[in-house]
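Here the structure comes first, spelled out in structure tokens, and everything after it is commentary.
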Amino acid sequence: MQRKITKAVFPVAGLGTRFLPATKSIPKEIMTLVDRPLIQYAIDEARAAGITEFIFVTSRGKSALEDYFDDAPELESALKAANKTALLETLQSTYMESGAIAYVRQNRPQGLGHAVWCARRQIGEEPFAVILTDDVIAAEKPCLQQMVEAYTETGGNMVAAMEVRPEKTSSYGVLDIAEDRGAIVRAKGMVEKPKPGEAPSNLAVIGRYVLAPSVMHNLNRKRIGAGGEIQLTDAIAEDIEAGVPVYGFRFRGQRYDCGSKAGFLQATVAFGLAREDLNAEFAQFLHETMALREAAQ
Ligand code: UTP
């Protein structure tokens, strides 16, 4: 029986340069898909997976993110007075119990591995989850919950994995497959951002992880990897060499890369269409826009 996963690390200290100028003054994680910030999707997914301790690795200029989970008494009384019950419920769903969230600081963006390492004191000697808020996953059963269930059987380390087109592998951490069991794949290696033509497979790692405490120990060595950054992929790969297994998990769901403009727009369309209150008007707008485009060509 594996130890229960109760802690999740949310590295949100990156510069978010791909969304400049917006990210000059707002954290990327506060950007909204329809009406909910990216961070809310991530927190909801973590809660569904049984996470009770949330550790944010933040940096300068992220105070809006820290404020987001506080109670909002003025807003609450205004909504109560106006009898806006549904909105009140929406507001309350953003509240977090005092002390459930810890914020640790990454002084300089030195890579995802370094960001995760910043949470070492909060994690201690327990297995833990890592969620990258950029990766939004629409799924019947939330992705991290699927992983935590699978992890109960496997232990070791588990990373969310999906097939990408060969020309895209150089943007991801890629698994070198030892044994393919369908949903679960055992890895014999992992490469961060392999050069074109050098990827060991096209099974890419995306932003959900369930990790053994040994990965934190590996990060202590602060090895510099691809792009001059301390890479989480390298620290996980070191575990394979040390005999702690690493599994790729082919999750069921649709992943959107909301760290890129194209991915964010795709997610906006998908989440807009999935909303009952918006679907009819939005679908008609999209339909007419596409028809106009085609007519103009
Ligand atoms: P990205 O590679 O998307 O970097 O980081 P970024 O800075 O957020 O965005 P761009 O590329 O400049 O547009 C992936 C995740 O890792 C976190 C980011 O906040 C993001 O959630 N991260 C990355 C850190 O917390 N610290 C780092 O040093 C690097």
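Percent of accessible area on the range 88-202 owned by carbon and sulfur, 1.4 Å probe?
With neighbouring chains kept in place, the figure for the range 88-202 is 46 percent.
So which chymotrypsin sites (Phe, Trp or Tyr not before Pro) in the range 75-162 end up in coil per DSSP with only 16 or fewer other C-beta atoms within 10 Å? Provide the component values of the computation, followed by the final result.
Numbers: sites: Tyr95, Tyr103, Trp117, Phe128, Tyr151; in loops: Tyr95.
Those satisfying the criteria are Tyr95.
Out of every Cα pair in the range 161-278, what percent are spaced more than 23 Å from each other? Mind dumping the intermediate values first?
Numbers: 2485 of 6903 pairs.
For the range 161-278, the fraction of Cα-Cα distances above 23 Å is 36 percent.
What does the highest-first list of 183-189, 213-219, 73-79 look like by mean Cβ count within 10 Å?
Values: 183-189: 17.9, 213-219: 20.7, 73-79: 12.3.
Top of the packing list down: 213-219, 183-189, 73-79.
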- Query: For the range 1-41, with the dipole built from +1 on Lys and Arg beta-carbon atoms and -1 on Asp and Glu ones, taken about the Cα centre, which of Thr6, Ile30, Gly16 lies farthest toward the positive end?
  - Reply: Thr6
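Using the Kirkwood radius over C-alpha pairs as Rh, can you work out the diffusion coefficient of the range 83-227 via Stokes-Einstein at 10 °C, viscosity 1.306 mPa s, in µm² per second? Don't skip to the end; give the middle numbers.
Values: Rh = 17.5 Å.
Reported coefficient: 91 µm²/s.
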- Item | Helical segments meeting 18 Å axial Cα length and Kyte-Doolittle 0.0 threshold in the chain (DSSP H) | 261-274
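Need one number: the % of Cα-Cα pairs in the chain sitting beyond the 25 Å mark. Intermediate values should be presented prior to the final figure.
Details: 22300 of 43956 pairs.
More than 25 Å apart: 51 percent of the Cα pairs in the chain.
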- By the C-alpha gyration tensor axes a ≥ b ≥ c (rounded if a/c is under 1.5, else prolate when a/b exceeds b/c, else oblate), the shape of the range 1-97 is oblate
- Note on the structure: Check: C-alpha center the range 17-51 vs C-alpha center the range 188-257, spacing in Å is 23 Å
- Item | Count, lysine Cα pairs under 24 Å in the chain, 8 or more residues apart or across chains | 21
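With every protein chain kept in place and ligands, DNA and RNA left out, what is the accessible area per residue of the range 120-165? Probe 1.4 Å, answer in Å².
Details: 1770 Å² over 46 residues.
Spelled out: the 1.4 Å probe surface of the range 120-165, per residue, equals 38 Å².
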- Message: Among DSSP bridges having both ends in the chain, what percentage is antiparallel? Round to the nearest 5.
- Response: 60 percent
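The values are calculated or read from the model by the stated rules, or taken from the named source; none is laboratory data. This one's a predicted model, so the numbers in the text were calculated from it and none came from an experiment. In this analysis, Cβ positions are derived from the backbone assuming ideal geometry, glycine residues included, and neighbour counts consider all displayed protein chains. Heads up: the accessible areas ignore ligands, DNA and RNA and are worked out on the full protein's heavy atoms, side chains in. Shrake-Rupley method; radii C 1.70, N 1.55, O 1.52, S 1.80 Å.
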